[in-house]
1. Applying the selection to the range 38-53, what residues are closer than 13 Å to A66 by Cα and in contact (Cβ under 8 Å) with a residue 24 or more places away in the chain?
2. Report whether or not R85 is under 27 Å from Q27 (Cβ atoms), surrounded by 10 or more Cβ atoms within 10 Å (Cβ to Cβ) and of a type in the set (K, R).
3. From (1) surrounded by 13 or more Cβ atoms within 10 Å (Cβ to Cβ); (2) farther than 21 Å from Q76 by Cβ; (3) modelled with pLDDT under 95, pick out the condition that doesn't hold for C61.
4. For the range 64-81, enumerate the residues that are surrounded by 15 or more Cβ atoms within 10 Å (Cβ to Cβ) and free of Cβ contacts under 8 Å to residues at least 24 places away in the same chain.
5. State whether the residues of the range 10-22 include one that is hydroxyl-bearing (S, T, Y) and modelled with pLDDT of 95 or more.
Amino acid sequence: MGLCWMGLLTMTVKITTLASMLICLCQPTTAKEVSRHASEGVETVAELARRCGAGSGCGNCHRQLAQVLHNARVLQAEARSEDQRSSQSIAL
């Protein structure tokens, strides 16, 4: 038994919602936006608040913002490490 069009629409909305989930509600900011700011050098919630306003309201999002920033830094470090390994193996 397949899904009806309403079921497919509901699934599409849920997937889209997860991909663009808001972390900060006071200054609507998604995890994707926070990751982008991290890739541009933002390291703390205070820096993020100055840059885009996220985390400058009620403060309920600080833990999640800090986690997304941390995760983005870890991924960036892993990517740099992989790039270095690749360039070293090419040089050999």
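The values are calculated or read from the model by the stated rules, or taken from the named source; none is laboratory data. Nothing here was measured: the structure is a model prediction, and the numbers come from that model. Heads up, the Cβs are rebuilt from the backbone with ideal geometry, glycines too, and the neighbour counts pull from every protein chain shown.
1. Taking the range 38-53 first, the residues closer than 13 Å to A66 by Cα are 38, 42-49.
Those that are closer than 13 Å to A66 by Cα and in contact (Cβ under 8 Å) with a residue 24 or more places away in the chain: A38, V42, E43, T44, V45.
2. Working: under 27 Å from Q27 (Cβ atoms): no; surrounded by 10 or more Cβ atoms within 10 Å (Cβ to Cβ): yes; of a type in the set (K, R): yes.
Considered against the rule, which asks whether it is under 27 Å from Q27 (Cβ atoms), surrounded by 10 or more Cβ atoms within 10 Å (Cβ to Cβ) and of a type in the set (K, R), R85 comes out as no.
3. The one condition C61 does not meet is (3).
4. A66
5. Our first condition is that a residue be hydroxyl-bearing (S, T, Y); within the range 10-22, this holds for 10, 12, 16-17, 20.
Those left that are additionally modelled with pLDDT of 95 or more: none.
Looking for residues that are hydroxyl-bearing (S, T, Y) and modelled with pLDDT of 95 or more, one finds none in the range 10-22, hence no.
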